[in-house]
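First the structure, in the form of structure tokens, and then the observations on it.
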């Protein structure tokens, strides 16, 4: 910038110097022409009179009057010398120069005395030419003035340039400092420091100028932003408009007139206002991001915490979210599912069904709810599936939300409820039939026994014995039917579980020993007394042990265990055998009435059903497991030579039966 100022200053100085030099030269030429013309006018009369003395006096007088006149001479119209001022003789060469009398112009001659302007003016009287007056004017004086003027111009120019440089340096320093401050502020803003202030602090702020006490005003105490950049200021002259629309009012405000600076100050203050605004926006966005992150985390925790399947797909049917339950079911991480489609997760058939349904929902916006069965890893489950479209703020469909709940247990309970209702109806029917046929059976049995006393024929007597035996079998079936149809239990006292088990073992021990079946009991002595019907529970133990013996037939082990589970307020009675076990397809129906795997004539199929009802009447439950799990395997069962996979019946009884349990049992029938 300094170089430009010097260059411009010198250029201007040279131009001005050239102009002044030309002006001085022109002025010198005009002066010489004026002197020559004046002399020519004065010489008219002496020339006419041929008064040479007068001529000489006139030219000497002019020559002596001006020290820069080198010479003067006169010629007649034939170029003859009339008079001259040369002291050493007239130089005849002058007669041959500047002889153009039509256009008399001074010419510059180079002489021994330096450069000389030669002026030639015609001396005439009217139209008659009398001669010529020639004057030689030295340019030395003019050059001296020109040099003096040039020196003055140069010094003036240098002074002005120097002053300009000083002012420019001061201005540049001032501007540079402010620009550097602004540049540093911009750099800080780029680095993320939005607390920087580019503008210089003010002497007085708006609340000081206006003597304002509105501490709740947005501008009060804000030293970074000027009040005209803020909306909602409480100054009487301010409107409710935002910058720049409020500037119409602010320009007349004394605060604006006092604090408004130049363009740089305005730019710096604008940067400060921008920085604070950006800072506030970033803080607001950061807070919103934190809120969104918290909400997203909470929502994700809820979605991952629910056992239901929850997924979200975009309009291209690509997964954008998958809940933990969904991921665990398919043994995949969420990262593996995100971005995939149903074709990457489900079978081709199921993926095609899902894709068709999803496209229909995205096209129509109509939700879908259905129940499906899904088989995976040889396990079939029921799911209740709900698919709904997801809308954005504009009301356009942006995705698809799927929730799916495992309702396999509900389906199982529904089946059990239906089965229980069937059993209840069957129990009522069995009870009615039993009561109807019990009387004729009693009559047949009574008369057959009476006839046996009167008949002596051995063949007839054997026939009556068969009638008596089969009638007793029928009465046993009727008794089982009546037991099966019984709908409730009356607690008649307390039960010693271990004692009831031991009594049944003593009852069957001898008969089992005859078939080389060994009964081993492991009884927990910490079991307390339970409320219930001891005789009916003994019937359960007897049924379970007899079933175990029937399965073993010969050479085997029956393991009977009792155990107190204090943490769950219940006891467990298990009867395990070393028999051939129970087929898996029979485990779910083994407690159904009239179901039996025994040969014809060896079982009615009501023993386990009756046992199921008795245990349920006591608030417990009974289940069958085959083969025997490790928890119920003992060294005796393992040591049995011809042991099969075996089976175990597990009875769970609560330590107490409340009214709710009893009331529920009364409405459930046999099951």
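Taking strands (runs of 3 or more DSSP E) as the structural unit, those lying wholly within the stretch 1-111 and holding at least 3 residues that are at pLDDT 85 or above and surrounded by 13 or more Cβ atoms within 10 Å (Cβ to Cβ) correspond to 69-76, 81-84. When 136, 131 are checked against the criterion of being part of a strand (DSSP E or B) and on the phi > 0 side of the Ramachandran plot, a single residue qualifies: 131. Filtering the stretch 529-540 to residues that are under 30 Å from residue 639 (Cβ atoms) and surrounded by fewer than 24 Cβ atoms within 10 Å (Cβ to Cβ) leaves only 538. When restricted to residues that are part of a helix (DSSP H, G or I) and closer than 14 Å to residue 400 by Cβ, the stretch 315-324 contains 0.
With respect to the conditions (1) at pLDDT below 85; (2) buried (at least 16 other Cβ atoms within 10 Å of the Cβ), residue 399 falls short on a single one, namely (1). Going by the conditions given, is residue 531 assigned to a strand (DSSP E or B), in the same structural domain as residue 642 (by TED's automatic domain parsing) and at pLDDT below 90? Against the criterion (assigned to a strand (DSSP E or B), in the same structural domain as residue 642 (by TED's automatic domain parsing) and at pLDDT below 90), residue 531 qualifies.
Does any residue of the stretch 493-505 turn out to be assigned by TED's automatic domain parsing to the domain that holds residue 623, crowded, with 16+ Cβ neighbours inside 10 Å, modelled with pLDDT under 85 and farther than 23 Å from residue 579 by Cα? No: the stretch 493-505 contains no residue that is assigned by TED's automatic domain parsing to the domain that holds residue 623, crowded, with 16+ Cβ neighbours inside 10 Å, modelled with pLDDT under 85 and farther than 23 Å from residue 579 by Cα. Scanning the stretch 318-351 for residues that are surrounded by fewer than 17 Cβ atoms within 10 Å (Cβ to Cβ) and in contact with a helix residue (DSSP H, G or I) (Cβ under 7 Å, 6 or more places away or on another chain) yields 333, 334, 343, 351. Within the stretch 430-448, not a single residue is on the phi > 0 side of the Ramachandran plot and either in a helix (DSSP H, G or I) or modelled with pLDDT under 85 (or both). From the set of residues in the stretch 358-374 that are exposed (fewer than 15 other Cβ atoms within 10 Å of the Cβ) and touching a helix residue (DSSP H, G or I) at 6+ places or on another chain (Cβ under 8 Å), which is farthest from residue 409 (Cα to Cα)? Looking at residues that are exposed (fewer than 15 other Cβ atoms within 10 Å of the Cβ) and touching a helix residue (DSSP H, G or I) at 6+ places or on another chain (Cβ under 8 Å), I get 366. Does residue 359 meet the test of being at pLDDT 90 or above and assigned to a loop (DSSP other than H, G, I, E, B)? Against the criterion (at pLDDT 90 or above and assigned to a loop (DSSP other than H, G, I, E, B)), residue 359 does not qualify. Inside the stretch 325-334, can you point out the residues that are outside any loop (DSSP other than H, G, I, E, B) and over 26 Å from residue 397 (Cβ atoms)? Of everything in the stretch 325-334, those that are outside any loop (DSSP other than H, G, I, E, B) and over 26 Å from residue 397 (Cβ atoms) turn out to be 328, 329. Does residue 291 count as outside the structural domain of residue 398 (by TED's automatic domain parsing) and within 20 Å of the chain's Cα centre (by Cα)? Here the answer is yes, as residue 291 does meet what is asked.
Listed here are the residues, each with its yes/no results for (1) in contact (Cβ under 8 Å) with a residue 12 or more places away in the chain; (2) surrounded by 15 or more Cβ atoms within 10 Å (Cβ to Cβ).
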{"residue": "376", "(1), (2)": "yes, no"}
{"residue": "403", "(1), (2)": "yes, yes"}
{"residue": "409", "(1), (2)": "no, no"}
{"residue": "415", "(1), (2)": "no, no"}
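The values are calculated or read from the model by the stated rules, or taken from the named source; none is laboratory data. Note that this is a predicted model, so its numbers are computed, not measured. Quick reminder, even Gly has a Cβ in these numbers, built from the backbone with ideal geometry, and neighbours come from all protein chains shown.
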